[in-house]
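Participant: Sharing a structure, written as structure tokens. Questions coming.
What follows draws every value from the coordinates through simple rules; no lab data is involved. Computed from a prediction, not measured in an experiment: that's the story for all the values here. Cβ: placed from backbone, ideal geometry, glycine included. Neighbour counts: every protein chain shown.
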Amino acid sequence: MTLPCDRFVRFDELTSALHELAHDYPTLVSLEQYGTSFEGRPLWLVSVTDSTTGSHRAKPAYWVDANIHSIEVTGGAAALYLLHHLVTAAERNDETTLQALRTCTFYVVPRANPDGVEAALADSPIYRRSSMRPWPWRERHQWPGLVQRDINGDGRVLTMRIVDPNGAWMPHADDARVMVPVPADGIAPAGVTRYRLLSEGTIEDYDGFTVPTPARPESLDLNRNFPAGWGTSTRGAGDHPLSEPEIDALVRAIVARPNICGYNAYHTHGGVLLRPSSTTSDSKLPPFDVWTWKELGARCTALTSYPVHSVYEDFTWDKAETMSGAADDWVYEHLGLFGWTTEFWDLVYAATGKRASTDIWYVGLTADDELAIAQWCDEHGEYYLAWTAFDHPQLGAVEIGGLDTFRAYVNPPESILVDEIRPHAEFAVFQALAAPHLDIVSALATALGDDMWQIDVGIANTGWLPTHISTQAANERLVLPLIAELDMPDGVAVVGGPNRVQLGQLSGRSAQRLNAGSRNDGTPDRVLARWIVRARDADAVARVTAVAKHPRAGSVQRAVMIAD
């Protein structure tokens, strides 16, 4: 089958495509419902792994979810492209991805907020930050002021401009569609009309003079409802951590899979890869964790050109007013995982060749950026519209036009969608392969005489990350230790100690990088487990199997060999 990765699809088509995917690739894909949205839609989780080499829970896993924010539909397309990339690896002879499927699991949630996305993709779209649940006013009362909606029936929500001699905006001298700020001295060029700008919509209880912009009845931000750093001062955080069914279900699904070793949330926009912390400077985080984020992120930049930024260091306008409650902070602080937020698509970069300022979410576009964007849009489709007169039911004569934010600024045009999202699938595979991977390197039984045998089992972490993943996880004791035991037939018994033993955590190859100057690796990635057993004969010993399990690094076993 072909997954619909090159366009933005409604929920029913998405659901059909996922069921078809599971049907067509039964040894790779399984589909399950992990929860239900506020409006009653199933929340789908796709598990992908080569089941002939073990179950999805027996391998280290990488988690990707998308579309927590309703209008950021590029993330959902990227999640579908990742699924396409995984299931077609054999057709491409992609040995790297095939190795990841043999040894790892991918958990993918293509649409964490189906209600909000469905509203955004409707014929008459409704744009919400996230959930459609009315909050904080539960009765859906509409307070006086601007109600954003498509009022001229063209399926877009654009901008309205109203002639106002005291307005803050005026047309650009080179393109009348582009609105630029009136200079600080308030003096516009002679003969230039000034305007006030409003989002397209109607005015509830208009008093003939003022246009309030109240918080909408549905103003929840699902990416502020996670437990890490949750607080009522953060806009849209909800009634309490996990108050929203979509986030409660997502958190429970992740916690129920302790084999998850990495996390990525797919969002838009900005063309950047964001990492925690949202509330803490890098100088207060464990140095190993900051170094690891930078090492992993460098591969993303190489594959996608997206730069990597700390949310606190680079994207927080006022360090005294931080925002948390986000997914990537939660997975790091509570689970010790290296979490990411991918912000797909940078229209400024596409139009100018220069990355947008990290302050753009606060200060907006420059006049030069706006002009370049208008020109770029003309080359790629009808995304920067001329101002068209409209008889507004409350305001009277207005004009509607400007940038189609949904189709060009927040999301790329569908004609270039696949090119934008394609390389991020390779980044997901890279990170999955960087996870800790458990291996039993040797399992030998040596005869001691008098029906006594010594069994030595050498266990190694062959992955790049340590079994506990991060220093945060180690410091907070967030990960259970490696355990090992012998699966023994009748006639074999351990003597002098327990069969099941705890063996702590194992370093990964990343630790060797940090000691590169000494050229003295040692073996922090290995451990030797030893048992003394009594057995009636060598044949019984030869039927002993060594088993090693780690909640994140996987479960492995190996038959014991009789030493010469």
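Participant: HN-Hα J couplings of the stretch 102-109 from phi, Karplus 6.51/-1.76/1.60, θ = phi - 60°, integer Hz, Gly and Pro as x?
Facilitator: Once rounded to whole Hz, the list reads 5, 10, 9, 10, 10, 9, 10, 10.
Participant: Now for a separate question. Just check the stretch 325-479 against the gyration tensor rule for me: Cα atoms, a ≥ b ≥ c as the square roots of the eigenvalues, rounded for a/c under 1.5, and otherwise prolate or oblate depending on whether a/b exceeds b/c.
Facilitator: prolate
Participant: Answer rounded, prolate or oblate for the stretch 438-562, using the Cα gyration tensor with square roots of eigenvalues a ≥ b ≥ c: rounded when a/c is under 1.5, else prolate when a/b is larger than b/c, else oblate.
Facilitator: Verdict is prolate for the stretch 438-562.
Participant: Per 10 Å bin, what is the whole-percent P(r) computed from every C-alpha pair distance within the chain?
Facilitator: Final binned percentages: 3, 16, 24, 23, 15, 9, 5, 3, 2, 1, 0.
Participant: A further question on this structure: Using +1 at the C-beta of Lys and Arg and -1 at the C-beta of Asp and Glu, which of LEU220, TYR62, PHE288 has the Cα lying farthest in the positive direction of the dipole of the chain?
Facilitator: PHE288
Participant: Compute the longest continuous run of the chain that contains no exposed trypsin sites (Lys or Arg not before Pro); treat a site as exposed when its DSSP state is not H, G, I, E or B and it has at most 13 other Cβ atoms within 10 Å.
Facilitator: 11-137
Participant: How large is ³J(HN,Hα) for each residue in the stretch 320-335, as worked out from phi by the Karplus curve 6.51 cos²θ - 1.76 cosθ + 1.60 (θ = phi - 60°), to whole Hz, x for Gly and Pro?
Facilitator: With coefficients 6.51, -1.76 and 1.60, one gets 7, 10, 8, 10, 10, x, 8, 5, 5, 5, 5, 5, 6, 6, 9, 10 Hz.
Participant: Note down the relative contact order for the stretch 438-562 as a percent, whole number, built from C-alpha pairs under 8 angstrom at least six residues apart.
Facilitator: Values: 271 pairs, mean separation 47.0, N = 125.
Taking the mean separation of contacting Cα pairs over the length of the stretch 438-562, I get 38 percent.
Participant: While we're looking at this one, here's another question. If a/c stays under 1.5 just call it rounded; otherwise compare a/b with b/c (prolate if a/b is bigger, oblate if not). Do that for the stretch 277-330, with a ≥ b ≥ c from the square roots of the Cα gyration tensor eigenvalues.
Facilitator: The shape class here is prolate.
Participant: Using amide H atoms built in the peptide plane, which far-off residues or other-chain residues are under 5 Å from TRP63 H to H?
Facilitator: Close amide H contacts, sequence-distant or interchain: TYR107, CYS261, GLY262, TYR263, ASN264.
Participant: Another question, if that's okay. Take the alpha carbon atoms of the stretch 137-205, find their center, do the same for the stretch 403-478, and report the distance between the two centers in whole angstrom.
Facilitator: 49
Participant: Assuming a strict under-24 Å limit between Cα atoms, what lysine pair count do you get for the chain once near-sequence pairs (fewer than 8 apart, same chain) are dropped? Mind dumping the intermediate values first?
Facilitator: Numbers: LYS59/LYS549; LYS284/LYS294; LYS284/LYS319; LYS294/LYS319; LYS294/LYS354.
Value for the chain: 5.
Participant: Considering the options THR366, LEU347, PRO258, tell which one lies farthest towards the positive end of the dipole of the stretch 254-395, charges being +1 on Lys and Arg and -1 on Asp and Glu at the Cβ, about the Cα centre.
Facilitator: PRO258
Participant: Hey, another quick one. Can you compute the helix-only [θ] at 222 nm over the chain? Use -39500 (n - 2.57) per DSSP H run of at least 4 residues, normalise by all residues, nearest 500 deg cm²/dmol.
Facilitator: Calculated at 222 nm, the ellipticity per residue is -7500 deg cm²/dmol.
Participant: Find the relative contact order for the stretch 149-284 and round it to a whole percent, using C-alpha pairs within less than 8 Å whose residues are 6+ positions apart.
Facilitator: 16
Participant: Put +1 on the Cβ of every Lys and Arg and -1 on every Asp and Glu Cβ in the chain; which of THR202, GLY75, GLY522 then has its Cα farthest towards the positive end of the dipole?
Facilitator: It is GLY522, whose Cα lies furthest towards the positive end.
Participant: About its Cα centre, what dipole magnitude does the chain give when the only charges are +1 on Lys and Arg Cβ and -1 on Asp and Glu Cβ, stated in debye to the nearest 20?
Facilitator: Computed charge dipole of the chain: roughly 1740 debye.
Participant: Calculate I(q)/I(0) for the stretch 1-106 by the Debye formula, one identical point scatterer on each C-alpha and no solvent, and give its log10 at q = 0.16, 0.18, 0.19, 0.24 Å⁻¹ to two decimals.
Facilitator: Values, matching the q order: -0.72, -0.91, -1.01, -1.49.
Participant: Hey, another quick one. Normalising by the residue count of the chain, find the relative contact order in percent from Cα pairs under 8 Å and 6+ residues apart.
Facilitator: Numbers: 1255 pairs, mean separation 81.9, N = 564.
Once divided by the residue count of the chain, the mean separation gives 15 percent.
Participant: Moving to a separate point now. By how many nm would the segment from ILE416 to HIS23 grow when fully extended, if each residue of separation counts as 0.36 nm and the alpha-carbon distance is taken off?
Facilitator: 138.6 nm
Participant: What are the ³J(HN,Hα) couplings of the stretch 256-262, residue after residue, when phi is run through the Karplus curve with 6.51, -1.76, 1.60 and θ = phi - 60°? Round to Hz, x for glycine and proline.
Facilitator: Result, ordered by residue: 6, 10, x, 7, 5, 10, x Hz.
Participant: Applying 1/(1 + (r/R0)^6) with R0 = 60 Å to the Cβ-Cβ distance of LEU197 and ARG519, what FRET efficiency is obtained, to the nearest 0.05?
Facilitator: 0.45
Participant: A further question follows. Express in whole angstrom the spacing between the alpha-carbon centres of the stretch 547-564 and the stretch 339-354.
Facilitator: 45
Participant: Something else: So what's the net charge close to ALA511: Lys and Arg +1, Asp and Glu -1, counting the other residues with Cβ under 11 Å from its Cβ?
Facilitator: Result for the neighbourhood of ALA511: 0.
Participant: 7 Å from Cα along Cα→Cβ at both ARG543 and SER243: what's the point-to-point distance in nm?
Facilitator: 6.1
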